[in-house]
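One structure is given here, and the rest of the page talks about it.
Computed from the coordinates by the stated procedures, all read-outs in this text should not be read as laboratory data. Here the structure is a predicted model, which is why all the values come from computation and not from measurement. Cβ sites come from the backbone with ideal geometry, for glycine too, and all protein chains shown count toward neighbours.
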Amino acid sequence: MSEPPGAGFGPGAHVDAALLAAGAASLPPASGDAGMATGIDPATPRALLPLARALALANRVMVGFGMLALLAASLVLTSSVVTRYLFKASTDWQDETAVFLLVGATFLCGAFVQSIRGHVGIEAVSTLLSKRADAIRRIAVDLLCLAFCALFAWKSWTLLHEAWVDKQTTSSSWAPPLWIPYLLMSVGMTLLALQLVVHLAASVNRARSAIAARAA
């Protein structure tokens, strides 16, 4: 038989627990992070909702690839240590394979982390700002991040083209083609840039809605 909330904590504790639960349920979600669990900001403009849904689906797929890549990299590195220690064997292919897998996991999952705004950030400043100033800060940060990621994505695609045309390889004895990591970087940074476009539009849309609500 289940016990009521607060049972065992003394008389009246269940009443306090019920009041706390009711108060928590009545709290509104944070305006900037509501819907982040689904990867789609509720303030996303209608015109960008198809792109946001496509990115949410792609991000789930990329997270799956990332998990498999990390697992494969750990197995490759473990086997590399064992073969070097026991058999004194050369393991050039294992080192570079692990690097390629880690590059893929890092870049391909970047858009997913951005979709939940999970990248490392410092909140000390944002807590000191007013809601209007914090909204401006978020828009400015999204804009700067978008500019950087768009430039990174463009450069990655140019490097991929050069590596493919010139048949570039690494300098190791195994010499795998360099277009593989460049392709992973290009796809990952493109997805991240598109995710930032959606977030920037949502931030602007949220700010406009707040201004219109105050003016009404």
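Could you tell me which residue out of Ser90, Val165, Leu128 lies farthest along the dipole of the stretch 66-216 toward its positive end? Charges go on the beta carbon: Lys and Arg +1, Asp and Glu -1, centred on the Cα centre.
Farthest towards the positive pole: Leu128.
Using label points projected 7 Å from each Cα along Cα→Cβ, tell me how many nm separate Leu128 and Arg46, to one decimal.
About 4.2 nm separates the two model spin labels.
Charges at C-beta only: +1 for Lys and Arg, -1 for Asp and Glu. How large is the resulting dipole of the stretch 46-215 about its Cα centre, in Debye rounded to 20?
Rounded to the nearest 20 debye, it is 940 debye.
Sorted from fewest to most neighbouring beta carbons within 10 Å, what does the list Ser130, Ser209 look like? Each step should come with its number before you reach the end.
Numbers: Ser130 8, Ser209 12.
If I rank by nearby Cβ atoms, fewest first, I get Ser130, Ser209.
Quick one: which residues, 5+ away or cross-chain, put their amide H under 5 Å from the amide H of Thr169? H built at 1.01 Å from N.
Leu178
For the stretch 71-207, what is the Kirkwood estimate of the hydrodynamic radius, computed as the reciprocal of the mean inverse distance between distinct Cα atoms, to one decimal in Å?
Over the stretch 71-207, the inverse of the mean reciprocal pair distance is 17.5 Å.
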